[in-house]
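Only one structure is covered here, and it is reproduced in the block below.
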Amino acid sequence: MSTPGEYYRSLPPVSKAYGVACLMTTAAYYLGLYQASSIALYYDDVIKRFQVWRLITNFFFLGPFSFPFAFRLIIIARYGVQLERGPFDKRTADFVWMFFFGALSLLVMAAVPFLWSGFMGVSLVFMLVYIWGREFPNAQVSIYGLVSLKGFYLPWAMLALDLIFGDPLMPDILGMLAGHLYYFLTVLHPLSGGKFIFKTPIWVHKLVAFWGEGTQVNAPVQRDPSAGTAFRGRSYRLNGTRNNSAGQAQENPQTQQPDSNNGVAFRGRGYRLGGQ
């Protein structure tokens, strides 16, 4: 059985980064380092006071330490990790883009007054549940060890549980809408014969490349001029190693003798064949 440190190091980068950021945000709140109202999503403060950080920070607060908070972290550690290791394996940039698209979709929804919520992180986490259910529709899921159902019905079962426990339903519904929009544009529409136009933007690939974590298969980073320069620089250094051959010849001169006499040996053999 792995230790907590080994388990932490084995987690894929995006899910790990988001989960740790949510945990640290709540821990900082309990330490009194900030007020929750200072990171909540208030469009008046964003527009009139230019507090643009609210567009980002509201997604990292999943509530105070409680059972719902722990349950949401478990969702990230379970379903987010399975997505990143499964359908998004070696597609780190695509997985990051899924988060960005979900966040942007939720910000647009929150602009509608009756859909607004000060913290949209709960909806973003529930979006992971919805996309996981679509990617693993036949996976068997047990809810509290009482009910076993297929993965496709997991979001609806969680929605029903929130209804029974008296928790707000709007964050879950918004997360399902954002997840369905992403799944429709990336999977359902192309499968129905539509053109796939929802590609991961190049700036996301550059961001992931700058981050240096994860892997992206067929990443179009060669379109970036700076990436091309870096590639030519590496090629130049490889060619430059040939300039050190003289020093290598001094260390091991016998390895250079066959190369210097290849042409003479060939002409000598040709001369003897002509003489016969």
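Given the pairs 16/206; 16/195; 16/150, which span a C-alpha to C-alpha distance of over 28 angstrom in this model? Among 16/206; 16/195; 16/150, the Cα-Cα distance tops 28 Å for 16/195. Fully extending the segment from residue 74 to residue 111, taken as 0.36 nm per residue of separation minus the present Cα-Cα distance, adds 10.4 nm. Calculated FRET efficiency, residue 163 to residue 3, Cβ-Cβ distance, R0 = 45 Å: about 0.70 to the nearest 0.05.
Expressed in nm to one decimal, what extension gain is obtained for the pair residue 10 and residue 100 from 0.36 nm per residue of sequence separation less their Cα-Cα distance? Write out the running numbers ahead of the final one.
Working: separation 90, 0.36 × 90 = 32.40 nm, distance 2.36 nm.
Fully extending the segment from residue 10 to residue 100 adds 30.0 nm.
Each residue, residue 85 and residue 30, gets one label point 7 Å from its Cα in the Cβ direction; the gap between the two is 2.7 nm. For the range 4-211, relative contact order (Cα pairs under 8 Å, six or more residues apart, normalised by length) works out to 19 percent.
Need one number: convex hull volume per residue for the range 45-192, Cα atoms only, in Å³.
Working: hull volume 19.4 nm³, N = 148.
About 131 Å³ per residue, rounded to a whole number.
Label sites at residue 210 and residue 149, each approximated as a point 7 angstrom past Cα along Cα to Cβ, lie 4.3 nm apart.
Counting only residues at least eight positions apart within a chain, or on another chain, the lysines with an alpha carbon under 22 Å from that of residue 199 are 90.
Values in this text are rule-based calculations from the coordinates and carry no lab data. Everything quoted here is computed from the prediction, not taken from an experiment. Counting neighbours? That spans all protein chains shown, and the Cβs are built from the backbone with ideal geometry, glycine included.
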